[in-house]
Amino acid sequence: MPDHVHMLVSIPPRISVSSFMGYLKGKSALMMSDKHANLKYKFGNRHFWAEGYYVSTVGLNEATIKKYIQEQEKHDIALDKLSVKE
């Protein structure tokens, strides 16, 4: 099961990357705990997301990055099918 997220986003210049990531991580963690109550027990008071993030700018290689993300998803799905179920 994947333990990370790849995203390609466009952030308006007036919003800092750190503000955007804080909002994204905070809201998504709340949504995940609302939809999946068992996560509250698994993570307890610990954070759902790891500290930090990686960010890079995209120029002419946007199509290449989109393709990488799509192929990574297919790769992760294939690995999930191969993994041993407990």
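The values are calculated or read from the model by the stated rules, or taken from the named source; none is laboratory data. Fair warning: this is a prediction, and the values are worked out from it, not measured in the lab. Note that each Cβ is placed from the backbone with ideal geometry, even for glycine, and that neighbours are counted across all protein chains shown.
Which residues, taken from region 63-78, are in contact (Cβ under 8 Å) with a residue 24 or more places away in the chain and either touching a strand residue (DSSP E or B) at 6+ places or on another chain (Cβ under 6 Å) or of a type in the set (A, V, I, L, M, F, W, C) (or both)?
65, 69
Are there any pairs, at least 6 apart or on different chains, whose C-beta atoms fall under 6 Å, with the first in region 16-42 and touching a residue at least 24 places away in the same chain (Cβ under 8 Å) and the second part of a helix (DSSP H, G or I) and of a type in the set (S, T, N, Q), and if so, which?
If the second residue must be part of a helix (DSSP H, G or I) and of a type in the set (S, T, N, Q), no pairs are left.
May I ask you to list the residues in region 36-57 that are out of contact with any helix residue (DSSP H, G or I) (no Cβ under 6 Å at 6 or more places or on another chain) and either modelled with pLDDT of 85 or more or assigned to a loop (DSSP other than H, G, I, E, B) (or both)?
If the condition is that a residue be out of contact with any helix residue (DSSP H, G or I) (no Cβ under 6 Å at 6 or more places or on another chain) and either modelled with pLDDT of 85 or more or assigned to a loop (DSSP other than H, G, I, E, B) (or both), then 36, 37, 44, 45, 46, 47, 50, 51, 52, 54, 56, 57 are the ones that fit.
Inside region 32-60, can you point out the residues that are loosely packed, with under 10 Cβ neighbours inside 10 Å and β-branched (Val, Ile, Thr)?
Once the filter is applied, which keeps residues that are loosely packed, with under 10 Cβ neighbours inside 10 Å and β-branched (Val, Ile, Thr), region 32-60 yields only 57.
Please give the number of the condition residue 14 fails out of (1) part of a helix (DSSP H, G or I); (2) surrounded by fewer than 11 Cβ atoms within 10 Å (Cβ to Cβ); (3) of a type in the set (Lys, Arg).
It fails just one condition, (1).
Do we find that residue 63 is exposed (fewer than 12 other Cβ atoms within 10 Å of the Cβ) and not in a loop (DSSP other than H, G, I, E, B) in this structure?
For residue 63, the condition - exposed (fewer than 12 other Cβ atoms within 10 Å of the Cβ) and not in a loop (DSSP other than H, G, I, E, B) - is met.
When residues of region 1-35 are filtered for being basic (Lys, Arg) and modelled with pLDDT under 80, how many remain?
Result for region 1-35: 0.
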